[in-house]
Amino acid sequence: MSVLIRGGRVVTAADEYIADIFVEGERIALIGASLDLEADRVIDAAGKYVLPGAVDPHTHLAMPWRGETTIDDYESGQTAAAFGGTTTHVDFCIQGKGQSFAEALEIWHGKREGKAVIDNGFHIAITDLATDERLAELERLPEEHGVTSYKLFMAYKDSLMVDDETLFKAMQAAAKSGALVMVHAENGDAIEVLMAEAIAAGNTSPRYHALTRPPELEGEATNRAIQLAHVAGAPLYVVHVSCAESAEPIALARERGWNIWGETCTQYFFIDQSFLDKPDFEGAKYVYTPPPRPKANQDVLWNAVRTNVLQAISTDHCAYLFKGQKDAGVDDFRQIPNGGPGLENRLQMIHHFGVRDGRISLNRMVELLCTNPAKLFGLYPRKGTLAVGSDADVVVFDPEKRVTISAATHHSKADYNLFEGTEVVGSPELVLLRGSVIVDGDQLLAKPGSGQFVQRARFGEQLV
Ligand code: URP
Ligand code: ZN
Ligand code: ZN
């Protein structure tokens, strides 16, 4: 099967030019002006952007946690991703306490089997490194499973949190194995104290989710993780940076030339702390962690992604139903499942409010949403760019298409959308995964099970 994508504005992290892209089988075979070639399918992309399929490095599909399971499984979550122009994501495989990593990975592979419509890899989320056997297994993950990133939670004391000893040992293992360490950076011990005090004082509503997780506690944990990673000699990627207190230590470490990278997520640019005060418990829709921050942080984050203090924008898609899941916390904010949906709208939102509004260039958008996540997580140049030999993961993006974002039309199973009613200009029109059209307008053409698991290269083979 061959495809000729004709006359589009090809945009990569480095270039922007009008060209044709010829796809043979699953790969890009040729890029050039006015290619004189026959193809099984010709796609007219005149007036459209031709972008690399976007890469989301941070998602939680079908994740059981604190008695609830995230509402999007691999089929619905990846369908939402595909409509949003994301063709690859890296999901978190969570190790249960006492469980081997191989067992955890087997369970997570089972979740995607027969369902996947786009490609994905796994990060391993470490909760238990108590034995030497487990530590040794961790070091073998890149070689044996193509899993080249380790995630540790410095918060969620009731479930996922690890102590500094575990964090540091994982960093030492990563320094040996060539993996990238990721941290959820918040001081879980202090948060636990503040949450108990809030409840004891009768402060049970969603706004106390933010008030018991102040930005300073994100800043403290970010700095602690940076210093520990430096001593261990491990590269570090800080997930979901939400505030100045966390961006600042990352900026300082990078100025020193340390191997520190970071991401923020779409929602932190648009949703601020006041959303938690919405009436009728609607604030619970915005209970994710770190919490929405005071509005001034939004400019800080735009500056951070513009100036390369942060290198990626993810979604942290972790969807729960408002009615039927989030309402478990109606009398106690601690029981509201933490997380929100977002896989489908990242490209639309960042294109409209980032590129169209003049905050970042089109090339930088591609870098933040496609190229850097692919480089950091061992997928580049197979994914994350448009180049001869790369997987033909391509988004034909209509920069003038008007869309009103809504739960009524999105593809996630979530019963609300974080950006409900937002009008954006610019949206994917056609999406290809490894040479096959998987989305055409409002039609999903991918068959469940056609998405592939991607073994990822070790960190450092392609530095950002
Ligand atoms: O609220 C969030 N972010 N839920 C997902 C787990 C995490 O911390 O990434
Ligand atoms: Zn987190
Ligand atoms: Zn997350």
| note | Percent relative contact order for region 268-393, counting Cα pairs under 8 Å at least six residues apart, stands at 20 percent
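Counting DSSP beta bridges with both partners in the chain, what percentage is antiparallel, nearest 5?
Details: 34 of 72 bridges.
If we restrict to bridges inside the chain, about 45 percent are antiparallel.
Report the calculated FRET efficiency for residue 443 and residue 357 (r = Cβ-Cβ distance, R0 = 30 Å), to the nearest 0.05.
Working: r = 30 Å, r/R0 = 1.01.
The formula returns an efficiency of 0.50 here.
What is region 176-322's relative contact order, in percent, from Cα pairs under 8 angstrom and six or more apart in sequence?
That works out to 25 percent.
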| query | Mind checking the angle between helix 164-177 and the chain's longest principal axis? C-alpha axes, 0 to 90 degrees, to the nearest 10. | reply | 30 degrees
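Report the number of Lys pairs in region 254-378 whose alpha-carbons are under 17 Å apart, with separation of 8 or more residues or on distinct chains.
5
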| note | Toy charge model, Lys and Arg Cβ at +1, Asp and Glu Cβ at -1: region 109-200 dipole around Cα centroid in debye, rounded to 20, equals 420 debye
| query | For region 23-79, what is the charge dipole size about the Cα centre, in debye to the nearest 20, if Lys and Arg each add +1 at the Cβ and Asp and Glu each add -1 at the Cβ? | reply | 220 debye
| How much mean residue ellipticity at 222 nm does the chain get from its helices, if each DSSP H run of length 4 or more adds -39500 (n - 2.57) and you divide by all residues, to the nearest 500 deg cm²/dmol? | -8000 deg cm²/dmol
| task | Measure out, as a whole number of angstrom, how far apart the alpha-carbon centroids of region 155-222 and region 3-63 sit. | result | 41 Å
| said: Per residue of region 47-62, what does 6.51 cos²θ - 1.76 cosθ + 1.60 with θ = phi - 60° give for ³J(HN,Hα)? Whole Hz please, x for Gly and Pro, Karplus curve as stated. | reply: x, 10, 7, 10, 10, x, x, 6, 10, 9, x, 8, 9, 9, 9, 6
| request: With a cut-off of at most 11 other beta carbons within 10 Å, and DSSP calling the residue loop, which trypsin sites (Lys or Arg not before Pro) in region 11-118 qualify? Please list them. | output: 97
| Given H placed on each backbone N at 1.01 Å, which residues far from residue 342 in sequence or on other chains put an amide H within less than 5 Å of it? | 318
| task | Could you list which residues have their amide H under 5 Å from that of residue 401, counting only those 5 or more apart in sequence or on another chain, with H placed in the peptide plane? | result | 426, 427
| request: Compute the distance in nm between two label points, each set 7 Å from the Cα along the Cα-to-Cβ direction, one at residue 109 and one at residue 66. | output: 3.1 nm
| task | Pick out, from 350, 319, 438, the residue whose Cα sits farthest towards the positive end of the charge dipole of the chain, with +1 on the Cβ of Lys and Arg and -1 on the Cβ of Asp and Glu. | result | 350
| request: Quick one: grab the alpha carbon gyration tensor of the chain, order the square roots of its eigenvalues as a ≥ b ≥ c, and give me rounded if a/c is under 1.5, else prolate or oblate depending on whether a/b is larger than b/c. | output: prolate
| field | For peptides 127-135, 423-431, sequence by mean Cβ density within 10 Å, most packed first | value | 423-431, 127-135
| request: Go ahead and run the numbers for FRET between residue 227 and residue 193, Cβ-Cβ distance against an R0 of 25 Å, rounding to 0.05. | output: 0.65
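Remind me, relative contact order of the chain in percent, using alpha carbon pairs under 8 angstrom and six or more residues apart?
After rounding, I find 22 percent.
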| task | At 0.36 nm per residue, minus the direct Cα-Cα distance, what do residue 256 and residue 406 gain on full extension? Give it in nm, one decimal, please. | result | 49.7 nm
| message | Using a 7 Å offset from the Cα along the Cα-to-Cβ direction at both residue 201 and residue 130, what is the distance between the two label points in nm, to one decimal? | response | 3.6 nm
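Do any trypsin sites (Lys or Arg not before Pro) in region 174-277 lie in a loop, going by DSSP, with at most 13 other beta-carbon atoms within 10 Å of their beta carbon, and if so which?
256
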| Calculated FRET efficiency, residue 36 and residue 14, Cβ-Cβ r, R0 30 Å, to nearest 0.05? | 0.70
| Angle between the Cα long axis of helix 132-145 and the longest principal axis of the chain, 0 to 90 degrees, nearest 10? | 10 degrees
| Which angle between 0 and 90 degrees, to the nearest 10, do you get for helix 215-232 versus the longest principal axis of the chain when only C-alpha atoms count? | 80 degrees
| request: Tell me the label-point distance for the pair residue 387, residue 140, using the 7 Å Cα-to-Cβ offset, in nm and rounded to one decimal. | output: 3.3 nm
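Coordinate-derived values only; no laboratory data. Given the structure is predicted, the values throughout are model-derived calculations rather than measurements. Because the Cβ atoms are built from the backbone with ideal geometry, glycine has one as well, and the counts that use them run over all protein chains shown.
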